[in-house]
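Below is one structure; the comments refer to it alone.
Values quoted throughout were computed directly from the atomic coordinates according to the rules given, and no laboratory measurement underlies them. These numbers were taken from a predicted model, which means no experiment stands behind them. Cβ sites come from the backbone with ideal geometry, for glycine too, and all protein chains shown count toward neighbours.
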Amino acid sequence: MDVLTQEQLSQEIGDLGNGWEERGGTLHKEYGFEDFAGAMAFANRVADAAEAEDHHPDMLVTWGKVELWWVNHSAGGITAKDVEMARRSDQAQS
């Protein structure tokens, strides 16, 4: 899978909106929740989607917050698969 060009990435981030940004060569977003249980429930939904696609984010879960970093390590950057999984992550929030 090919790494997105900077132009493609800028377009995709614009389309994603909702707090997604390029950070340190990854597609990053922070989600807020009312408590730890809500954060864990969301993290588990993302984990289930990641397992189904065999494409996994870096994830940090703390009280009331989950941070995701999507990047294709083997491709060496952000790919269309990362963008797809970012969209699925947003869908998992609802």
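A few remarks follow.
- Residue in the stretch 29-46 that is in a helix (DSSP H, G or I), of a type in the set (D, E, K, R), out of contact with any Gly (no Cβ under 7 Å at 6 or more places or on another chain) and in contact (Cβ under 8 Å) with a residue 40 or more places away in the chain present: yes
- Once the stretch 63-94 is narrowed to residues that are of a type in the set (Ser, Thr, Tyr) and in contact (Cβ under 8 Å) with a residue 24 or more places away in the chain, the residue that is farthest from Thr5 (Cα to Cα) is Ser89.
- Members of the stretch 52-83 found to be part of a helix (DSSP H, G or I) and either surrounded by 15 or more Cβ atoms within 10 Å (Cβ to Cβ) or not acidic (Asp, Glu) (or both), listed by number: Ala52, Ala80, Lys81, Asp82, Val83
- Residue count, the stretch 1-39 (criterion: closer than 14 Å to Asn72 by Cβ, crowded, with 18+ Cβ neighbours inside 10 Å and of a type in the set (D, E, K, R)): 1
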